[in-house]
Each structure stands twice: as structure tokens, then as C-alpha cells.
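Here's the structure, in C-alpha cells; my notes come after.
The values are calculated or read from the model by the stated rules, or taken from the named source; none is laboratory data. What you see is a predicted model; the values in this text were computed from it and never measured. Cβ atoms come from the backbone with ideal geometry, glycine included; neighbour counts cover every protein chain shown. Keep in mind that these areas ignore ligands, DNA and RNA; they rest on the heavy atoms of the full protein, side chains included. Shrake-Rupley method; radii C 1.70, N 1.55, O 1.52, S 1.80 Å.
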Amino acid sequence: MNKICLLLCCLLPGLFRAGAQELKMTEYAPLTQIYGEVCESDELLPMGDVGVEFGYVLYQAAITVPAGEAALELENVRDYAAVYLDGVFQGTLTDNRKTLTLKAEPGRHTLQLYVENIGRITYGPEILDNSKGLFGEARLGGETIAGWTITPLEVRDADPEALEFEALGPCNTPCFRRGQFDRAAHEGAVYLDVSGWGMGEVWINGHYLGSFWDEEKQQSILIPAEILAEKGNRIVVFDLKNNDPGATMRLSDKPVFK
């Protein structure tokens with residue numbers, strides 16, 4: 001190994017995850033399998049009004065884009081929204097960033113907002129203002145959006161072993177993805193490297209492993225040794241943002257940080 005390679009290995013260890021085992025996703029399951037009771041409303045409703053205390057909700061509405069692009073403005077985003085237009089990812093919104101420019105051909109389109117309640121306020125002056133989801137006005141190009149279909153997504157209550165999967169194909173909007181892997185022979189702790197993914201949840205062999213978010217510093221989850229088998233392990237991933245059919249996760253023998 002020459003001096004340049006040695007220097008890179010010292011300065012950029014994250015680029016040299018020797019022996020990292022890739023976990024490829026080969027199947028997908030649509031979210032329609034875990035839809036809760038659908039609610040129709042002329043206005044946005046917070047999660048509590050549709051029976052959701054924690055987790056995810058899908059807000060959908062038909063909109064008209066006037067001239068190729070228009071600003072989407074939401075009055076309240078609690079806490080995180082992934083924005084799709086006709087199944088194409090547009091960007092994200094939070095309570096600190098509530099405006100996003102949508103670009104599309106002029107005409108009618110379907111707006112889809114996948115929203116997660118990250119957590120509740122448990123102290124301080126805002127404890128009484130604890131609504132989650134989307135509420136208040138939603139505007140496109142200054143015009144109020146009405147006619148919402150609001151669907152609870154029972155992601156965290158889902159049994160990944162009971163979902164019906166099919167060969168991985170178009171999965172433009174959020175869905176479940178599944179892969180299989182054999183555990184490489186090694187000793188010590190095993191971490192799931194989730195870097196390169198967006199925001200969601202993961203299960204291995206039917207056991208809930210945890211959540212991930214690309215804005216967190218830590219980009220790995222410790223896998224309990226007792227849930228891994230030597231052969232035929234099943235990984236199931238739900239992600240709000242990452243719709244790359246070729247995306248993989250990896251096993252690592254150490255925690256992964258940005």
C-alpha cells in the first residue's frame with residue numbers, strides 16, 4: 001500500500017469499511033396493506049383527530065398547478081412531511097421549513113404528504129400545543145387546498161412477516177422493501193449501516209430493530225445477536241424518502257457516524 005492510500009485510510013475511515021456485507025432489497029409490499037380507516041375532510045386534520053397518537057399519516061388532495069411551478073405552503077407541520085406529486089418525490093417539510101416549490105406540467109395533479117410524528121413535547125410552555133400531523137391552512141400558489149383524504153398508516157403496528165411481497169419493481173412512493181442475507185462468519189457486535197437511506201423503520205426476522213433518519217449523526221443500529229441466524233435472515237425496510245430500487249444496507253462491525 002503506498003503512502004497516499006495509507007493517508008486516506010487514516011483520514012477517511014468511513015470510506016474503507018473493509019468486508020462490509022451488502023444487504024440487497026429484492027421484494028416490495030405496498031402500503032395499502034397497512035392503511036387504517038380513511039377520513040375525508042375539506043381541511044387538514046391533526047393526527048389525533050383521525051385516531052393516531054404516534055406514527056405516520058398520509059394526506060392526499062387533488063391540486064391544479066397553474067404554470068409549471070407553484071409554492072406549497074403549510075401552516076403547521078408536526079413534525080416531518082415527505083412531499084410527493086403524482087408519486088414523484090419533491091422534497092421535505094418541517095415546522096421550521098414549511099414552504100416548498102412544486103414543479104410540474106400545468107394542470108391537475110395528486111399531492112401526497114407522508115407525515116411522521118417524531119415525538120411529543122413533555123415539558124416547557126409548548127406542552128399544551130401538542131397537536132401532531134398537519135393542521136391549519138395548506139396553500140398552493142396562494143390558493144387554499146381543500147378536499148383531503150387522510151389515511152393512517154399502521155407502519156409500527158405492522159407484522160412484517162404477514163405482509164405480501166412481490167418482486168421489486170416500481171416503488172416510487174413509500175413502501176416496504178425486503179431482502180434476505182446470510183450472516184458472514186465473524187465475532188463481536190453487528191451493526192446495521194443505514195447510511196444513504198432517508199427516514200423510516202427496519203425489522204430483521206420479524207423483530208423490530210429501530211428507526212433511522214438521515215439527519216441524525218449516528219447512521220447505524222445495533223443488531224441483537226440472538227435475532228440473527230446463520231442463513232436466510234430477512235430484512236424489511238420502510239422509508240419515507242428513499243425510492244431507489246437498487247438501494248442497499250450493509251452490516252458493519254462498528255457503529256457508523258456521519
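Remark: the chain carries 51 Å² of accessible area per residue (probe radius 1.4 Å; ligands, DNA and RNA excluded). Using C-alpha pairs under 8 Å with a sequence gap of at least 6, the mean separation divided by the residue count of segment 187-258 gives a relative contact order of 47 percent. Calculated [222 nm] ellipticity per residue, helices only, for the chain: -1000 deg cm²/dmol; basis is -39500 (n - 2.57) per DSSP H run with n ≥ 4, divided by all residues, nearest 500.
For segment 153-162, the Karplus equation 6.51 cos²θ - 1.76 cosθ + 1.60, evaluated at θ = phi - 60°, returns couplings of 10, 8, 5, 6, 8, 6, 9, x, 6, 9 Hz by residue, with Gly and Pro reported as x. State which stretch of the chain is the longest one without any exposed GluC sites (Glu not before Pro), exposure meaning a DSSP loop state and at most 13 other Cβ atoms within 10 Å. Between the exposed loop sites, the longest stretch runs 54-160.
Taking label positions 7 Å along the Cα-Cβ direction at both Glu105 and Glu216, the computed distance is 4.1 nm, reported to one decimal. Counting protein heavy atoms only, segment 50-93 has 50 percent of its accessible area on carbon and sulfur, 1.4 angstrom probe. Anisotropy class assigned to segment 175-258 is oblate, per the alpha carbon gyration tensor with a/c at or over the 1.5 cut-off and a/b no larger than b/c.
Cross-link partners of Lys217 among lysines, defined as those whose alpha carbon lies under 19 angstrom from its own and excluding same-chain residues fewer than eight positions apart: Lys241, Lys254, Lys258. Using Cβ point charges alone (K and R +1, D and E -1), the dipole size of the chain about the Cα centre works out to roughly 1160 debye.
In a DSSP loop and with at most 12 other Cβ atoms within 10 Å, the trypsin sites (Lys or Arg not before Pro) in segment 151-230 are Lys217. By definition, a body whose alpha carbon gyration tensor gives a ≥ b ≥ c is oblate when a/c is 1.5 or more and a/b is not larger than b/c, and segment 211-258 fits this oblate description.
Once you order the gyration tensor axes a ≥ b ≥ c over the Cα atoms, which shape class does the chain get: rounded for a/c under 1.5, otherwise prolate or oblate by comparing a/b with b/c? Note, shape of the chain comes out prolate. In the chain, a dipole from Cβ-located charges (positive for Lys and Arg, negative for Asp and Glu) runs towards its positive end, and of Phe257, Ile221, Ala67 it is Phe257 whose Cα lies farthest in that direction. Given R0 = 25 Å, the distance between the Cβ atoms of Ala247 and Gln33 translates into a calculated FRET efficiency of 0.75. Which of Ala29, Ala146, Ala162 moves the most in a Gaussian network model of the chain with Cα springs under 10 Å? The residue that fluctuates most here is Ala162.
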